[in-house]
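Structure record follows, encoded as structure tokens.
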Amino acid sequence: MKALVAVTDREWFDFLRARAPDEVNFWQPSGGTGFRALEPGQPLLFKLHAPDNLIVGGGFFAHFSQIPVSLAWQAFGEKNGAASFASMRALIGLHRRAASASTEDCTIGCIILADPFFLDEEQWFPPPADFSPNIVRYKGYDLRVEPGVSLWQRVIAGRALTTHVAGGALQGEMYGNPILQRPRLGQGAFRIAVTDAYGRHCAVSGEKTLPVLEAAHIKPVAEGGLHDIGNGLLLRSDIHTLFDRGYVTVSPDHRFRVSPRLRADWQNGRIYYELDGREISAPKREGLKPYREVLEWHADTKFLR
């Protein structure tokens, strides 16, 4: 089990702490480098810049993506740590080495964290002694050996006190071995993870224009569905609308189907009927493919006949 101690701004932290979101985008101003330092479920801890120099909270790694800042704002909004899209772009501009026009839709790195936590100030603590003041990004620690063991104990103790005050319950033993658990995705993480899983093109039409692609829930959250990649399809916005309204579906054998009701209700739909019967482009990885049970649910419950 590994953790990262990552440097961040007090302003970004205070903004999010006041809102206590269910997920955050710990963004990198440049999208030129990838991120392989953590596996899903491993913690990233927030360490404030000087003069604070204290660990103040963190979250659990869910997904990394390099995306246009406009998409990051659409997916996460204030969970980016800014009050507006203009404010976010201004912050990115301050940290980017290369100057860019204020209207440029630059690419940023998005380290998406689930279940973020914000310790009460009396629970803030200094990083391990070997965390150099010269570190500007992050440093990794093995939580099975020192100083990682002590680091994790301080985190768990602080989280236990915070969740106790809030009336919640912290899972796991206070000083037990850290356990890697896949984090539950939020709405923003779901959108970006589904976008990446489908190679950034519509599963039905093959459309690759990112602004018109949307992550569709096969079974809506309001009806018991989850923000889970297996409960998602990446669809062009018009196909997404028809899918949600039951005029189209995807069969359990991954075939796109169009209801005869589309023509009956709207006297149109030729471009969609041309796609009828087409096999969708599902992710190649087995764990990312749409779940058969939710496809069956949509076909049986939502699809108009």
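Just so you know, all these numbers are worked out from the coordinates, no wet-lab data involved. Given the structure is predicted, the values throughout are model-derived calculations rather than measurements. Using ideal geometry, Cβ is built from the backbone for each residue, glycine included, and neighbour counts are taken over all protein chains shown.
Below, the figures for the structure above:
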{"quantity": "Violating pairs (Cα-Cα greater than 32 angstrom) within the set LYS79/LYS139; LYS47/LYS219; LYS2/LYS219", "calculated": "LYS47/LYS219; LYS2/LYS219"}
{"quantity": "Extension reserve of the SER30-ASP265 stretch, reckoned as 0.36 nm per residue once the Cα distance is removed", "calculated": "79.8 nm"}
{"quantity": "Segment ARG184-ASP120, length gained on full extension (0.36 nm per residue, minus Cα span)", "calculated": "20.7 nm"}
{"quantity": "Once exposed loop GluC sites (Glu not before Pro) are cut out (DSSP; at most 16 other Cβ, 10 Å), longest piece of the chain", "calculated": "1-103"}
{"quantity": "Cα-centre dipole for the range 2-165 with unit charges at Cβ (Lys and Arg positive, Asp and Glu negative), debye to 20", "calculated": "340"}
{"quantity": "Most mobile listed residue (PRO21, PRO116, PRO260) in the chain, GNM with C-alpha springs under 10 Å", "calculated": "PRO260"}
{"quantity": "Debye-sum result for the range 4-73 in log10 I(q)/I(0), which assumes one identical scatterer on each alpha carbon, at q = 0.15, 0.18 Å⁻¹", "calculated": "-0.53, -0.78"}
{"quantity": "Overall dimensions of the range 2-165 as given by Cα atoms, namely Rg and Dmax in Å", "calculated": "15.5, 47"}
{"quantity": "Relative contact order [Cα under 8 Å, 6+ residues apart], the chain, whole percent", "calculated": "17"}
{"quantity": "Most mobile of ASP115, ASP22, ASP142 in a GNM of the chain (Cα contacts under 10 Å)", "calculated": "ASP142"}
{"quantity": "Long-range Cα-Cα pairs in the chain (distance over 32 Å), rounded percent", "calculated": "36"}
{"quantity": "Cα shape, the range 226-305, gyration tensor, a/c 1.5 rule", "calculated": "prolate"}
{"quantity": "Choice from ASN80, ASN25, ASN268 showing the highest fluctuation, given a GNM over the chain with Cα pairs closer than 10 Å", "calculated": "ASN268"}
{"quantity": "14 Å beta-carbon shell around GLY269, net charge (K/R +1, D/E -1)", "calculated": "+1"}
{"quantity": "Neighbour-count order for THR301, THR8, THR249, fewest beta carbons within 10 angstrom listed first", "calculated": "THR301, THR8, THR249"}
{"quantity": "Virtual spin-label span in nm between SER84 and LYS289, 7 Å along Cα→Cβ", "calculated": "4.7"}
